[in-house]
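Worksheet: one structure, shown below.
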Amino acid sequence: GAGVSQTPSNKVTEKGKYVELRCDPISGHTALYWYRQSLGQGPEFLIYFQGTGAADDSGLPNDRFFAVRPEGSVSTLKIQRTERGDSAVYLCASSLSLAGGGDTQYFGPGTRLTVL
Amino acid sequence: AQSVTQPDIHITVSEGASLELRCNYSYGATPYLFWYVQSPGQGLQLLLKYFSGDTLVQGIKGFEAEFKRSQSSFNLRKPSVHWSDAAEYFCATSGNTGKLIFGQGTTLQVKP
C-alpha cells in the first residue's frame, strides 16, 4: 500500500515569506507526527496529532510555526515569516495509534526547505 | 529528561566485516528503543525496536540489537556488512508519549 507522502519534495523561499508543507499519512493511521532534521543532526520532534487534535505541540520552536489536521488525515505545517534558520528537512510520520508510546512510526521522504 | 547518545559520528568498515553501532539512552523507566536507517534520498526506515521481554531483538536486513539495562545501551550489530548497508543510522527512544527522541546519528561507510 501507499506510504506516507509529503509535498513538495523541495521548497525554496525567501526570508520573510510564508510556506505550507503537506503530509498525507498512511490510510487509517490516527497518529501523525512532524519532525525537523537539520544538516548533520537527528530528527527533532515538532508536534503530533491524535486524530484532529494536537496532542503535543511542545516541539514547535516559536509561534511562527503552526500545524493543522482538520479532518484527521492530511496535515499541513505552516511557517510564517520564514527565517534562514528554518532551513531543514521537515519529516512527517504516521502510526496506527498513540497508545503506549511504542507504536511504529512510518516516515515520509521529507520536504527540504531552503530559506534564502 | 529522555535523551539518546550515539558516540560515533562516523564509522568505516570493510565489506564482510562485522559491525556494531553504539547507542546509550537516558530514561528512568524501561524505554521503548528503536533503530532507524536513512539512505540518501530515502525516508527513515525502521530496522528494529525493543519494548520488553527478550533483550536480543532481531530486525530486518540481518540486523540485531541488544538491550542492556545495566549499561543503558542498545547497540546495533550485524555479523557481515554489505556495501548496500552504507547509510545514516539513528537510535531513538520514546516514553509513553509516542514522540521519538533521536540521537545525532552514525554515518556508516563500507569499504570494498
Residues of segment B:13-66 being part of a loop (DSSP other than H, G, I, E, B) and aromatic (Phe, Trp, Tyr), in sequence order, are B:TYR27, B:PHE51, B:PHE63
Only one of A:VAL68, A:VAL4 is open to solvent by 30 Å² or more (accessible area, probe 1.4 Å) and either closer than 29 Å to B:ILE9 by Cβ or more than 9 Å from every other protein chain (Cβ to nearest Cβ) (or both), namely A:VAL68
All conditions in (1) closer than 26 Å to A:SER5 by Cβ; (2) of a type outside the set (S, T, N, Q); (3) open to solvent by less than 50 Å² (accessible area, probe 1.4 Å); (4) touching a residue at least 12 places away in the same chain (Cβ under 8 Å) are true of B:GLY43 except (4)
Within segment A:43-57, the residues that are in a strand (DSSP E or B) and either facing chain B (nearest Cβ under 8 Å) or more than 18 Å from B:SER3 (Cα to Cα) (or both) are A:GLU44, A:PHE45, A:TYR48, A:PHE49, A:GLN50, A:GLY53, A:ALA54, A:ALA55, A:ASP56
* Mind checking whether some residue in segment B:92-109 is within 14 Å of chain A (Cβ to nearest Cβ), over 24 Å from A:LEU91 (Cα atoms) and part of a strand (DSSP E or B)? -> no
Going through segment A:73-116 in order, the residues found to be more than 9 Å from every other protein chain (Cβ to nearest Cβ), touching a Gly at 6+ places or on another chain (Cβ under 6 Å) and more than 23 Å from B:TYR50 (Cα to Cα) are A:ARG81, A:VAL89
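Considering only segment B:11-32, I want to know if a residue exists there that is at the interface with chain A (Cβ under 10 Å from one of its Cβ atoms) and among the hydroxyl-bearing types (Ser, Thr, Tyr).
Taking every residue of segment B:11-32 in turn, at least one turns out to be at the interface with chain A (Cβ under 10 Å from one of its Cβ atoms) and among the hydroxyl-bearing types (Ser, Thr, Tyr).
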Condition set without any contact (Cβ under 8 Å) to a residue 24 or more places away in the chain and open to solvent by 30 Å² or more (accessible area, probe 1.4 Å), scope segment A:11-42, selection farthest from the other protein chains (Cβ to nearest Cβ): answer is A:GLY40
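The values are calculated or read from the model by the stated rules, or taken from the named source; none is laboratory data. Keep in mind that what you see is a predicted model, and the values were worked out from it rather than measured. Counting neighbours? That spans all protein chains shown, and the Cβs are built from the backbone with ideal geometry, glycine included. With ligands, DNA and RNA removed, areas are computed over all heavy atoms of the protein, side chains included. Shrake-Rupley method; radii C 1.70, N 1.55, O 1.52, S 1.80 Å.
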